[in-house]
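Colleague: Quick one: this structure, given as structure tokens, is what I'll be asking you about.
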Amino acid sequence: MRPAVFCALLAAAFSASLSFAKTPFTFDAMMKLARIGDPQLSPDGKIVAFTVQTVDMINNTKPAHIYVVPVNGGSPQRLTNDGNSNTRPRWTPDSKRILFVSDRSNGSQIWSMNADGTDPKPVTNLPTGASGVTPSPDGKLILFTSDVYPACAPANATPGVDYDRVCNQTNLDQETAGKMKARVFTSLLYRHWTQYEGKRRQHLLIQDVTGRVRDLTPGDLNTPPFSLGGPEAYVFSPDSTQVTYAAKNEPDPATSTNSDLFTVAVAGGEAKRITNNPGADEGPLYSPDGKYLAYRTQIRAGYESDEWRLAVLDLQGGNMNTLTDSLDRWVESYTWSPDSKRIFFTVDDHGTQPLLMMPVSGGAIRTIAQGPTSVGDVQFTTDDKIMIYTEQSGSRPPEINKATSKGGAGIPLTHLNDDIFNQYQLTSLEKISVDAADGTKIESFLVKPPDFNPSIKYPILFAIHGGPEGDWGESWTYRWNAQVFAAAGYVVVLPNPRGSIGYGQSFTDAVNGDWGGRAYDDVMATVDYVSNLPYADKERMVAAGGSYGGYMIDWILGHTDRFKALVSHAGVYDLRSEAGTTEELWFPKWEFQGFPWENAELYEKWSPSSYVKNFKTPTLVTHGELDYRVPIGQGQQLFTALQEMKVSSKMVQFPDEGHWILKPQNSQFWYATVIDWLNSYTKPSPVSASTPH
């Protein structure tokens with residue numbers, strides 16, 4: 001072959017390889033992803049309905065629409081076009097129609113459409129709106145939530161009282177038209193997350209085929225309690241005669257985590273409490289045969305991060321059995337097998353979420369699916385031959401899959417993001433483990449930059465998770481996305497120090513009353529390990545964190561100068577003022593064994609504000625002004641201290657955000673600001689590993 005021809009072929013091959021090279025996964029790339037959620041298998045087992053949220057950067061919105069995909073394969077089809085928010089698809093028992101929540105007319109209301117998206121019809125038209133729709137198994141009723149005016153029901157009304165449309169509309173009009181905006185409170189938990197408590201309360205309403213609407217939870221309480229997360233908070237019994245729901249019927253909801261399960265007849269009547277556990281009970285789920293009720297439970301009162309156990313109540317015998325006591329892992333989600341003999345459930349385990357199974361009577365636990373991923377939303381066809389589920393990881397957002405009883409690998413049903421992943425390079429998470437000072441194994445996940453070269457030294461970003469009872473792992477996030485930070489040129493380290501979940505409850509409990517102790521030592525042990533890796537530039541290490549992670553950044557400020565720059569988002573700075581201004585008071589009461597006037601020494605010891613005179617490291621402070629979990633004053637106090645100590649610092653406030661930065665343009669600004677701040681102190685263009693420092 002002639003040299004010129006060979007060179008031409010080589011050049012062509014090289015050009016082709018470049019054309020297929022993937023680019024770094026930036027914030028802009030992340031905003032192109034379709035955010036898949038809430039898959040719902042039709043009762044006939046043929047179709048999965050689900051939601052897809054996209055990002056409209058120009059209009060600063062995240063519109064959500066409903067799609068369907070055949071279980072036997074095929075392209076997903078979008079069913080909704082009207083409105084900006086179409087969510088919570090729920091099938092009618094005959095699989096012919098889909099109920100959903102939409103804002104297309106008169107605020108948030110329940111709508112119905114055919115399985116192909118045709119013939120959309122409004123189902124509710126309430127002045128106080130409607131959401132959270134659940135149809136009864138017999139198809140004759142729908143259950144939903146609405147923020148109503150309790151004063152519109154008679155005093156001490158029995159569950160099942162008619163919804164007073166005129167009274168609710170009148171109160172709504174008066175409240176909207178009123179010019180005086182003073183808020184008056186006589187009890188605690190007067191605000192929560194990003195909203196102040198007004199005159200309205202969230203209630204469970206039920207509507208029949210005639211359109212009659214009744215209130216199943218009248219009174220002055222929010223039902224289900226708005227502090228609960230996790231599984232569904234309410235459910236119909238299989239025979240459609242009862243509703244079971246979680247409620248926090250406590251005199252001081254600000255300091256109590258105790259929620260119980262109640263049942264009430266769909267026709268109305270007195271509600272019956274069926275659990276009396278001092279901790280939280282939530283997520284009721286009937287077995288298909290109606291003989292059992294599964295739910296999550298926490299034993300310890302006042303501790304929101306107690307182990308979530310899976311319990312089963314025998315509705316005939318009245319016996320309750322906690323199935324997962326021996327597992328020492330938090331139960332996240334669960335579902336029944338079609339024959340009611342087994343329960344499938346997921347747990348947090350070392351940063352992953354595997355799927356497990358055990359008999360309803362208890363016994364051996366069997367692993368169904370396990371790997372470097374998180375499994376969820378498990379559902380079965382009635383013949384038990386097909387399982388639908390979602391799967392995600394730290395390098396892939398959720399997708400819907402199916403598995404068959406024949407075994408084998410899962411089969412993807414959705415491919416909405418394939419084009420994105422074909423263009424952009426994402427890095428799989430790697431796990432590392434270090435020994436803490438007391439010998440405890442501390443795990444972390446590591447995300448390397450695109451086109452990682454082990455012969456180059458990279459700047460290191462340590463990201464500290466919130467909680468403190470939380471974790472990093474194989475799950476996708478749009479907020480602190482490690483892939484975006486890695487694409488900016490950093491080796492990203494995600495440590496799971498003491499307090500993290502997924503490593504046993506004693507590991508989680510170890511942070512209680514010890515916020516800046518062992519957890520800080522665990523982080524620094526990880527820093528020691530990573531700084532000695534051959535590709536780590538120990539002279540260019542930075543750290544960032546939010547919420548408790550922000551607290552740890554504030555603590556780092558007063559205890560080490562090993563980092564070139566820091567980022568504290570919504571961080572707890574002064575424990576005493578935080579205890580008096582946060583909303584869920586059970587949290588500081590548990591974590592610090594009382595309030596500041598009861599345990600002043602502990603608050604003084606672990607408050608970053610006690611160590612201001614040691615502050616030296618350049619710090620970016622970011623905070624949402626609507627954050628009532630860690631109020632804006634925490635960030636403002638930190639920034640004041642930094643400025644008065646003449647430490648290089650910057651503060652960014654978001655007037656329209658709470659604890660999380662969620663609006664697209666705000667998120668874009670936050671990522672850009674954080675990365676620019678870190679870059680200004682690390683100059684992250686790679687340098688050779690052989691370059692002397």
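The values are calculated or read from the model by the stated rules, or taken from the named source; none is laboratory data. Please read these numbers as outputs of a predicted model, since none were measured by experiment. Here Cβ is always computed from backbone atoms with ideal geometry, including for glycine, and neighbour counts include all displayed protein chains.
Colleague: Please determine, by comparing only the residues of the stretch 207-241 that are assigned to a loop (DSSP other than H, G, I, E, B) and among the β-branched types (V, I, T), which one is farthest from the chain's Cα centre (by Cα). Explain how you work it out, then say what you get.
Modeller: Step one: of the stretch 207-241, the residues assigned to a loop (DSSP other than H, G, I, E, B) are 209-212, 216-233, 237-241.
This time we only want the ones that are among the β-branched types (V, I, T), so: 209-210, 217, 223, 241.
Numbers: V209: 35, T210: 37, T217: 27, T223: 20, T241: 32 Å.
Only one residue tops the list, namely T210.
Colleague: Take the conditions touching an Asp or Glu at 6+ places or on another chain (Cβ under 7 Å), of a type in the set (V, I, T) and in a loop (DSSP other than H, G, I, E, B) and apply them to T414. Does it pass? Please lay out each step first, then the result.
Modeller: Working: touching an Asp or Glu at 6+ places or on another chain (Cβ under 7 Å): yes; of a type in the set (V, I, T): yes; in a loop (DSSP other than H, G, I, E, B): yes.
Considered against the rule, which asks whether it is touching an Asp or Glu at 6+ places or on another chain (Cβ under 7 Å), of a type in the set (V, I, T) and in a loop (DSSP other than H, G, I, E, B), T414 comes out as yes.
Colleague: Let me ask something else about it. Just to check your reading of the model, which residue among V52, V69, V48 is closer than 26 Å to Q665 by Cα and either among the hydroxyl-bearing types (S, T, Y) or not in a loop (DSSP other than H, G, I, E, B) (or both)?
Modeller: It is V52.
Colleague: For the stretch 436-480, name all the residues that are buried (at least 22 other Cβ atoms within 10 Å of the Cβ), in contact with a helix residue (DSSP H, G or I) (Cβ under 9 Å, 6 or more places away or on another chain) and within 18 Å of F421 (Cα to Cα).
Modeller: The answer is V447, P449.
Colleague: Within the stretch 261-270, is even one residue closer than 27 Å to T346 by Cβ, assigned to a strand (DSSP E or B) and among the aliphatic types (A, V, I, L, M)?
Modeller: yes
Colleague: Restricting to the stretch 276-298, name every residue that is farther than 18 Å from F345 by Cβ and without any contact (Cβ under 8 Å) to a residue 40 or more places away in the chain.
Modeller: Matches in the stretch 276-298: N276, N277, P278, G279.
Colleague: Right, something else. Taking G132 and the conditions (1) at pLDDT 95 or above; (2) assigned to a helix (DSSP H, G or I); (3) out of contact with any helix residue (DSSP H, G or I) (no Cβ under 7 Å at 6 or more places or on another chain); (4) not hydrophobic (A, V, I, L, M, F, W, C), which numbered condition does it fall short on, given that it satisfies the others?
Modeller: Among (1) at pLDDT 95 or above; (2) assigned to a helix (DSSP H, G or I); (3) out of contact with any helix residue (DSSP H, G or I) (no Cβ under 7 Å at 6 or more places or on another chain); (4) not hydrophobic (A, V, I, L, M, F, W, C), the lone unmet condition for G132 is (2).
Colleague: I need a count of the residues in the stretch 424-449 that are over 20 Å from F563 (Cβ atoms), over 23 Å from the mean Cα position of the chain (by Cα) and not in a loop (DSSP other than H, G, I, E, B).
Modeller: Going through the stretch 424-449 one residue at a time, the tally reaches 5.
Colleague: Can you tell which of T691, T617, T673, T622 is out of contact with any Phe, Trp or Tyr (no Cβ under 7 Å at 6 or more places or on another chain), of a type in the set (S, T, N, Q) and at pLDDT 95 or above?
Modeller: Unique residue meeting the criteria: T673.
Colleague: Next up: Working carefully through the options Y573, Y529, find the one that is outside any strand (DSSP E or B), among the hydroxyl-bearing types (S, T, Y), surrounded by fewer than 19 Cβ atoms within 10 Å (Cβ to Cβ) and on the phi < 0 side of the Ramachandran plot.
Modeller: From the options Y573, Y529, the qualifying one is Y529.
Colleague: Kindly indicate the residue of the stretch 629-657 that is buried (at least 20 other Cβ atoms within 10 Å of the Cβ) and among the small types (G, A, S) and also nearest to T194 (Cα to Cα) among those meeting that condition.
Modeller: G635
Colleague: Further question on the same structure: For the stretch 242-259, which positions are part of a strand (DSSP E or B) and surrounded by fewer than 21 Cβ atoms within 10 Å (Cβ to Cβ)?
Modeller: Scanning the stretch 242-259 gives a single hit, Q242.
Colleague: Of the residues that make up the stretch 386-394, is at least one out of contact with any Cys (no Cβ under 8 Å at 6 or more places or on another chain), part of a strand (DSSP E or B) and surrounded by fewer than 18 Cβ atoms within 10 Å (Cβ to Cβ)?
Modeller: no
Colleague: A further question on this structure: If you take the residues in the stretch 162-191 that are touching a Phe, Trp or Tyr at 6+ places or on another chain (Cβ under 7 Å) and closer than 30 Å to P588 by Cα, which one is surrounded by the most Cβ atoms within 10 Å (Cβ to Cβ)?
Modeller: R191
Colleague: Would you point out the residue of the stretch 173-206, among those that are of a type in the set (D, E, K, R) and in a loop (DSSP other than H, G, I, E, B), that is farthest from T582 (Cα to Cα)?
Modeller: That would be K179.
Colleague: Under the condition of being small (G, A, S) and not in a strand (DSSP E or B), which residue from the stretch 310-337 is modelled with the highest pLDDT? Write out each step before concluding.
Modeller: From the stretch 310-337, those small (G, A, S) are 311, 317-318, 326, 333, 337; that's our starting set.
Checking which are not in a strand (DSSP E or B) leaves us with 317-318, 326, 337.
Details: G317: 91, G318: 91, S326: 94, S337: 98.
Filtering the stretch 310-337 for residues that are small (G, A, S) and not in a strand (DSSP E or B), the one modelled with the highest pLDDT comes out as S337.
Colleague: Here's a follow-up. In this structure, does S256 turn out to be within 24 Å of the chain's Cα centre (by Cα) and touching a residue at least 60 places away in the same chain (Cβ under 8 Å)?
Modeller: So S256 fits the description; yes.
Colleague: Using the structure shown, decide if V133 is of a type outside the set (D, E), under 16 Å from R90 (Cβ atoms) and not assigned by TED's automatic domain parsing to the domain that holds S95. Before the answer, list the steps.
Modeller: On the way: of a type outside the set (D, E): yes; under 16 Å from R90 (Cβ atoms): yes; not assigned by TED's automatic domain parsing to the domain that holds S95: yes.
Yes; evaluated as a whole, the condition is true for this residue.
Colleague: Now, a different point. Of all the residues that make up the stretch 36-79, how many are free of Cβ contacts under 8 Å to residues at least 40 places away in the same chain and among the polar types (S, T, N, Q)?
Modeller: Number satisfying all stated conditions: 6.
Colleague: Another question, then. Scan the stretch 88-100 and give yes if some residue there is in a strand (DSSP E or B) and hydroxyl-bearing (S, T, Y), otherwise no. So that I can check it myself, show each step before the final result.
Modeller: If we filter the stretch 88-100 for residues that are in a strand (DSSP E or B), which is where we start, we get 88-91, 97-100.
Next, from what is left, pick out any that are hydroxyl-bearing (S, T, Y): none.
No: the stretch 88-100 contains no residue that is in a strand (DSSP E or B) and hydroxyl-bearing (S, T, Y).
Colleague: Given the residues F485, F421, F452, F462, which is the only one that is out of contact with any Asp or Glu (no Cβ under 9 Å at 6 or more places or on another chain), part of a loop (DSSP other than H, G, I, E, B) and either free of Cβ contacts under 8 Å to residues at least 40 places away in the same chain or not basic (K, R) (or both)?
Modeller: Answer to the check: F452.
Colleague: Which one of A29, A16, A8 is surrounded by fewer than 21 Cβ atoms within 10 Å (Cβ to Cβ), of a type in the set (A, V, I, L, M, F, W, C), at pLDDT 95 or above and assigned to a helix (DSSP H, G or I)?
Modeller: Step by step, each of A29, A16, A8 is checked, and only A29 is surrounded by fewer than 21 Cβ atoms within 10 Å (Cβ to Cβ), of a type in the set (A, V, I, L, M, F, W, C), at pLDDT 95 or above and assigned to a helix (DSSP H, G or I).
Colleague: Here's a check for you: in the stretch 351-368, which residue that is in a strand (DSSP E or B) and touching a residue at least 40 places away in the same chain (Cβ under 8 Å) is surrounded by the most Cβ atoms within 10 Å (Cβ to Cβ)?
Modeller: That would be Q353.
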